[in-house]
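Structure first, then comments.
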Amino acid sequence: MSSQESVAAVPLAVRANVERERRRAATRRRQLFYLALLGLALLAPLAIYPVFLMKLLCFALFACAFNLLLGYAGLLSFGHAAFFACGGYITGHMLSTYSGLSTELGILAGTLASTLLGLIFGLLAIRRQGIYFAMITLALAQMVFFVFVQAPFTGGENGLQGVPRGHLFGLIDMRNNLALYYVVLAVFVFGFAVIQRTIHSPYGQVLKAIRENEPRAVSLGYNVDAHKLLAFVISSALAGLAGATKTVVFQLASLTDAHWHMSGEVILMTLLGGVGTLLGPLVGATVVVTLQSSLSNGPLGEWVHVILGMIFVLCVLLFRSGIVGWLERLVKRNFK
């Protein structure tokens, strides 16, 4: 190597080291931020009603699961309520029918059932794109809804009521709301960690490439359908885990969880918080669940959906990338 090439290589090496240090610092800041959020979550039941927090965590996990599909694979599903309800119904049926069954096995059964249902949905719908994919998932979800209406084990329009919470690992009594809250928090952290690891893995990078330019991903030799199917199954499994956990919390599995309105709500949560951001679904679920809880107990109870619709329209007009996306852009622009 000549002396001129050596001199030119030094700045390149320096820039590479600076970039590595910048990435490490960003990773450390992100980890500290997540630890701070976890600390707040651990202390939250001391100030806020635990059942409300558990509802919030269940819907936040549901929204995070949906965001994995829409935000990172670019697939809009109008039928995710089917997986949410499937996990809830199977868990409720198992815990109600088999009295000696522990809580974690009931939740696992519901999650596995949603995973299998997601695989079936994915094999039928994944070869379509855009609005055709969305309409197929909606049609399949409506079929599942009518199955839940007619199936004897679901309780029909009355749903499954009085589902026993049981004991976790045969030791922890889930009838204690505080103990159950920390179990639900652990479930949410597990689901969030799965999504975070998936997104930052090489597989997650391929998903982003498919979302941005699917024909190019095909030309590079990736099996696009297989990657999208896996994302669909992971999203379905986590949605089922959220539904199963919600059934244990409220001791109820109902048709409300399977209705297409529920699919609309999770889309609203994700878009409101920020599609394609890790914390966006959590923020969106917090806003929607808090507003629903606050408004339903007041004089505007009948106008909940209208008010949520107006807020959604305003956020789309003012924050096109969602609340978290807008905040991220604000921070990058002012605190580089």
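If you take the beta carbon distance between residue 329 and residue 28 as r and set R0 to 22 Å, what does 1/(1 + (r/R0)^6) give as a FRET efficiency, to the nearest 0.05? Walk me through the numbers on the way to the answer.
On the way: r = 22 Å, r/R0 = 1.00.
Once the sixth-power term is evaluated, E becomes 0.50.
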- Query: If the cut-off is a Cα-Cα distance under 23 Å, which lysines reach residue 332, setting aside same-chain residues fewer than 8 apart in sequence?
  - Reply: 208
- Query: If you build a Gaussian network model of the chain, linking Cα atoms that sit under 10 Å apart, which residue out of 150, 205, 31 swings the most?
  - Reply: 31
- Using only alpha carbons, build the gyration tensor for the chain and give me the equivalent ellipsoid semi-axes, biggest first, whole Å. 37, 24, 21
- Query: Rounded, prolate or oblate: which one fits region 215-336, using the alpha carbon gyration tensor with axes a ≥ b ≥ c (rounded when a/c is under 1.5, else prolate when a/b beats b/c, else oblate)?
  - Reply: oblate
- What residue among 235, 201, 219 shows peak mean-square fluctuation when the chain is described by a Gaussian network model with Cα springs under 10 Å? 219
- Note on the structure: When the chain is treated as a Gaussian network with springs between alpha carbons less than 10 Å apart, the largest mean-square fluctuation among 92, 110, 155 is found at 155
- Item | the chain, dipole about Cα centre (Lys/Arg Cβ +1, Asp/Glu Cβ -1), debye to the nearest 20 | 1180 debye
- Query: With the Cα gyration tensor of region 145-195 giving a ≥ b ≥ c as the square roots of its eigenvalues, does the rule (a/c under 1.5 for rounded; else a/b larger than b/c for prolate; else oblate) give rounded, prolate or oblate?
  - Reply: oblate
- Query: What is the distance in Å between the Cα centres of region 36-52 and region 96-135?
  - Reply: 30 Å
- Message: Tell me the angle of helix 177-199 to the major Cα principal axis of the chain, expressed in degrees between 0 and 90 and rounded to the nearest ten.
- Response: 40 degrees
- Item | Low-density loop positions, chymotrypsin sites (Phe, Trp or Tyr not before Pro), region 112-199 - DSSP coil, at most 10 other Cβ in 10 Å | 169
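To make sure I understand, if each residue's beta carbon is the centre and we count other beta carbons within 10 Å, what order do 270, 256, 247 fall in, fewest to most? Please report the intermediate quantities before stating the final value.
Numbers: 270 28, 256 12, 247 32.
So the residues, fewest neighbours to most, are 256, 270, 247.
No value in this document is a laboratory result; all are computed from the given coordinates. These figures come from a predicted structure and were not determined experimentally. Positions of Cβ are generated from backbone atoms using ideal geometry, with glycine treated the same way; all protein chains shown enter the neighbour counts.
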